[in-house]
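A.B. asks: Let me begin by handing over the structure; questions about it come next.
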Amino acid sequence: MKNFGRSEKLFEEAKRYLPGGVNSPVRAFKAVGGRPLFIKRGRGARIYDEDGNVFIDYVCAWGPLILGHCHPQVVKAIKMVVGQGLSFGAPTELETKLAKLICEAMPSIEMVRFVSSGTEATMSAIRLARAFTGRNRIIKFSGCYHGHSDGLLAQVGSGMTTLGIPSSPGTPATMISDTLVAPYNDFQAVEQLFDNYPDIAAVIVEPIAGNMGVVLPKPGFLEHLARITRSYGALLIFDEVITGFRVAYGGAQELYGIYPDLTCLGKIIGGGLPIGAYGGRRDIMEMVAPSGPVYQAGTLAGNPVAMTAGIETLRILKTPGIYDRLEKKSSLLANGIAEVISRLKVDIQLLRAGSMLTIFFAREPVTSYETAIKANTGLYAKFFHHMLSQGIYFPPSQFEAAFVSLAHTDEDIEATINATKKSLGAVS
Ligand SMILES: *Cc1c(COP(=O)(O)O)cnc(C)c1O
């Protein structure tokens, strides 16, 4: 048995000063019970908690740490730039460098605006789409999370599903009355919405969903969205905050060959520091202030330290063959888990897109939020704690993706498969 005494003490203290003891809900372990671990440091694929326990980390800061913790090249670059000043609120060359890397990686992005979180990226992209089209309504999909801005906080998957609340108090009906929600992968529902409301400004979608657990787009789904938005003069927005530079260097849009009008980014492009970005067609992006009238600003946007972490991360990710390496590690893990599952009497759907994967304790295929929530969260909670006791840190919710990083070694993955075997054996 591991000792979590110090984490428990720190959590009690934290709860006196921070709502729920945390600064983002899913960290509190509400979905799996027990108390969160307080992390002291990380290195490579490992994190170390305040009680001195070591874990192989599959949360990876919820996605940004595709290189693992403390990649030497990233740390070195950050140390250098920190010595030159933390923020200026004036242009730096670093912003153009990162913007250029992003535009080169994703040809659908001709110009980009940096913000400080994914929430700001999607919120601003929606504002821009509304200004560009002169329309108000948007379509989102149940189970897709696009940050916590009022208009997008409708049926958002993981965080709120975990807490069992359908919508958040404090978001007046008027703020979400222009948000239409369709089931993921249900193209007919989208057609129906366009039929009823031809004046839709934009469709926003996670091209591979990661916030209800990993859910893949059905063949043709993204094509359909591209076609229908074009024919109605609406914009297609890909929220690639997770998938950008994760499932391929050029994101899900490269993987599927479907190019949206606007793209939202975050997580990996900041290498672990706070960041977000939105970008796309030049004629649309030029409407953003000060080049156009759509207002959007940020005191710390384009922060030199975050830009540097992003630049170094993308430079490393540009190395030829690196996504093949990541795929090898990820398929090693997924195949190992699949083999374990095949020997057990437990209903599991293993979903994976590259280095993001979810073990759903579900009998039926998971293709949407409506099918995802049929998963047995009680079993997942047991599985999670068994894994934790064996030194494997999986996401503390059934409805989150686990992430493989380039720092995970074959031995780490072997150990994870063995732990999975024991944990699934214990819960099945
Ligand atoms: C994490 C996430 C966001 C929100 O980003 P924050 O930086 O947490 O505000 C938006 N969209 C998707 C798809 C995400 O996974």
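The values are calculated or read from the model by the stated rules, or taken from the named source; none is laboratory data. Predicted model only: the values in this text are computed from it and were never measured. Counting neighbours? That spans all protein chains shown, and the Cβs are built from the backbone with ideal geometry, glycine included. Surface areas here come from the heavy atoms of the whole protein model, side chains and all, with no ligands, DNA or RNA. Shrake-Rupley method; radii C 1.70, N 1.55, O 1.52, S 1.80 Å.
A.B. asks: Just to verify a number: FRET efficiency for residue 175 and residue 17, C-beta to C-beta distance, R0 = 25 Å, to 0.05?
C.D. replies: Plugging the Cβ-Cβ distance into 1/(1 + (r/R0)^6) gives 0.25.
A.B. asks: Next up: Say each of residue 324 and residue 363 gets a label point 7 Å from the Cα, pointing the same way as Cα to Cβ; how far apart are those two points in nm?
C.D. replies: Those two pseudo-labels are separated by 4.3 nm.
A.B. asks: For the chain, set up a Gaussian network in which alpha carbons nearer than 10 Å are linked by springs, and say which option among 329, 374, 267 fluctuates the most.
C.D. replies: 374
A.B. asks: Multiply the residue gap between residue 389 and residue 87 by 0.36 nm, knock off their C-alpha separation, and tell me the result in nm, one decimal place.
C.D. replies: Result: 104.6 nm gained on full extension.
A.B. asks: Taking every Cα atom in segment 51-168, find the radius of gyration and the maximum pairwise distance Dmax, and write them in Å.
C.D. replies: Values for segment 51-168 (Cα only, Rg and Dmax): 18.6, 56 Å.
A.B. asks: Quick check: Cα centre of segment 79-145 to Cα centre of segment 348-381, how many Å?
C.D. replies: If we compute the Cα centre of each part, the gap is 31 Å.
A.B. asks: What does the C-alpha gyration tensor say about the overall shape of segment 225-287? Classify as rounded when a/c is under 1.5, otherwise prolate if a/b is larger than b/c, or oblate.
C.D. replies: oblate
A.B. asks: Near residue 284, within a Cβ-to-Cβ distance under 15 Å, what is the net charge of the other residues, with Lys and Arg +1 and Asp and Glu -1? Mind dumping the intermediate values first?
C.D. replies: On the way: positive: 113, 127, 130, 135, 230, 281, 282; negative: 110, 261, 283, 286.
The answer is +3.
A.B. asks: I would also like to ask the following. Between residue 315 and residue 232, 0.36 nm times their residue separation minus their Cα-Cα distance comes to what?
C.D. replies: Gain in length upon complete extension: 26.0 nm.
A.B. asks: Let me ask something else about it. Working with all protein chains in place, sort 95, 312 by solvent-accessible area computed with a 1.4 Å probe, largest first.
C.D. replies: Sorted by accessible area, descending: 95, 312.
A.B. asks: If I model a spin label at residue 104 and residue 345 as a point 7 Å from the Cα along the Cα→Cβ vector, what separation in nanometres do I get?
C.D. replies: 5.7
A.B. asks: Something else: So how much slack lies between residue 199 and residue 300, counting 0.36 nm per residue of separation and subtracting their Cα-Cα distance, in nm?
C.D. replies: Contour length minus Cα-Cα distance gives 32.9 nm.
A.B. asks: Under 19 Å from the Cα of residue 30, which lysines turn up, not counting those fewer than eight places away in the same chain?
C.D. replies: 9, 15, 374, 382
A.B. asks: Can I ask one more? Computed over the Cα atoms of segment 382-428, what is the ratio Rg over Rh, Rh following Kirkwood?
C.D. replies: Over the Cα atoms of segment 382-428, Rg/Rh equals 0.96.
A.B. asks: Further, regarding this structure: Just the C-alpha atoms of the chain: what Rg/Rh do they give, with Rh taken as the Kirkwood radius?
C.D. replies: Over the Cα atoms of the chain, Rg/Rh equals 0.95.
A.B. asks: Quick one: which residues, 5 or more positions from residue 281 or on another chain, have an amide H under 5 Å from its amide H? H modelled 1.01 Å from N in the peptide plane, none for Pro or chain starts.
C.D. replies: It is 110, by chain and number.
A.B. asks: Another question, if that's okay. Determine the calculated [θ] at 222 nm for the chain from helices alone, applying -39500 (n - 2.57) to every DSSP H run no shorter than 4 residues and normalising by the residue count; nearest 500 deg cm²/dmol.
C.D. replies: That calculation yields -11500 deg cm²/dmol at 222 nm.
A.B. asks: Another question about this same structure. Got a sec? What order do 386, 71 fall in by accessible area at 1.4 Å, biggest, i.e. largest, first? Could you put the intermediate results ahead of the total?
C.D. replies: Details: 386 75, 71 50 Å².
Ranked from most to least accessible, the order is 386, 71.
A.B. asks: Then there is this: What does DSSP give for the chain in terms of the percent of beta bridges that are antiparallel, rounded to the nearest 5?
C.D. replies: Antiparallel bridges: around 60 percent, rounded to the nearest 5.
A.B. asks: Then there is this: What's the magnitude of the charge dipole for the chain around its Cα centre, counting Lys and Arg as +1 and Asp and Glu as -1 at the beta-carbon? Answer in Debye, nearest 20.
C.D. replies: 900
A.B. asks: For 195, 412, 150, give the ranking by accessible area with the largest first, probe 1.4 Å.
C.D. replies: On the way: 195 105, 412 10, 150 60 Å².
Largest accessible area first, the residues go 195, 150, 412.
A.B. asks: Could I ask something else about it? Largest first and to the nearest Å, give the Cα extent of segment 243-334 along each principal axis.
C.D. replies: Its Cα atoms span 50, 31, 21 Å along the three principal axes.
A.B. asks: Would you grab the residues whose amide H sits under 5 Å from the one on residue 141? Only those 5+ places off in sequence or on another chain, please, with H modelled 1.01 Å from N.
C.D. replies: 182
A.B. asks: Now for a different question. Please tell me the relative contact order of the chain in percent, rounded to the nearest whole number, where contacts are Cα pairs under 8 Å and at least six residues apart.
C.D. replies: 23
A.B. asks: Additional query: Charges on Cβ only, +1 for Lys and Arg, -1 for Asp and Glu, centred on the Cα centroid of the chain; of 296, 306, 74, which one is farthest towards the dipole's positive end?
C.D. replies: 74
A.B. asks: What residue among 90, 202, 252 shows peak mean-square fluctuation when the chain is described by a Gaussian network model with Cα springs under 10 Å?
C.D. replies: Of 90, 202, 252, the Gaussian network model singles out 90 as fluctuating most.
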